[in-house]
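What follows is a short report on a single structure.
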Amino acid sequence: MTMVLGTNGTGKSTIMREILERCNEKKALIVTNHIEEWRDVPEIDLSKKEDFLFSGIRKTRCIPPSKTDIGTLAKLRFFRKGIVVFDDARLYMKDAKTDNLIEDLMISYRQQELDIFVVAHGFTKVRPVFYSYVSNIILFRTLDSVAYRKMELGENYQRIIEAQSEVNKISEKEPHYYKRIKLW
């Protein structure tokens, strides 16, 4: 599980496109509410079995559960052998019910043969539930305080503070600078 963090315009979407293009043997599903950001990617709604049988890259809107629909996050349990990208997750992941659905996915990612990416503007924009499972961070310039996630980052906290400081300083001259951080 990889987090891709950075402010607007630093290169998060660009690096995600590069990663997805290099993984062309796998299918990739972008879960987002910013559909216009991935205009060239066909949209699916995950309402029928065939929606899960695509190849290449697709996007889907994150629809909350209703009386007639279990919702997008619950449907992800049917997605197999691919990449899931949660793009700007703060927009649709806001409560404990969401956390339970995400945790179920994180626990079963190996059985489902998934690679998971969470793309956000900073550490505080990612739900705490993700931090127990993250193994890598791709860190661009961020403005929020890592201190708000000190408990979730645990033994990696000091390394992350140092990396954030380095990235933010270098990005003053190189706005698309980033650092890859392996946590475990």
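The values are calculated or read from the model by the stated rules, or taken from the named source; none is laboratory data. What you see is a predicted model; the values in this text were computed from it and never measured. Using ideal geometry, Cβ is built from the backbone for each residue, glycine included, and neighbour counts are taken over all protein chains shown. Just so you know, the surface numbers come from the protein's heavy atoms only, side chains and all, with ligands and any DNA or RNA stripped out. Shrake-Rupley method; radii C 1.70, N 1.55, O 1.52, S 1.80 Å.
Surface composition of the chain: carbon and sulfur make up 51 percent of the accessible area, probe 1.4 Å. The relative contact order of the range 49-158, computed from alpha carbon pairs under 8 Å that lie at least 6 residues apart in sequence, is 23 percent. Here the relative contact order of the chain, from alpha carbon pairs under 8 Å that lie six or more residues apart, stands at 28 percent.
The C-alpha radius of gyration of the range 48-184, expressed as a fraction of 2.2 N^0.38 Å, stands at 1.15. Loop-located trypsin sites (Lys or Arg not before Pro) in the range 89-119 (DSSP state other than H, G, I, E, B) with a sparse environment of at most 12 neighbouring Cβ atoms within 10 Å: 94, 110. With N counted as the residues of the range 1-124, its alpha-carbon radius of gyration over 2.2 N^0.38 Å works out to 0.99. Remark: relative contact order (the range 24-85) = 45 percent; criterion is Cα-Cα distance under 8 angstrom and separation of 6 or more residues. The antiparallel fraction among DSSP beta bridges confined to the chain stands at about 15%.
The per residue volume of the convex hull around the alpha-carbon atoms of the range 1-68 is 122 Å³.
Based on protein heavy atoms only, the range 1-68 ends up with 56 Å² per residue of surface accessible to a 1.4 Å probe. Simple point charges give the picture: +1 on the Cβ of Lys and Arg, -1 on the Cβ of Asp and Glu, and for the chain a dipole about the Cα centre of about 180 debye.
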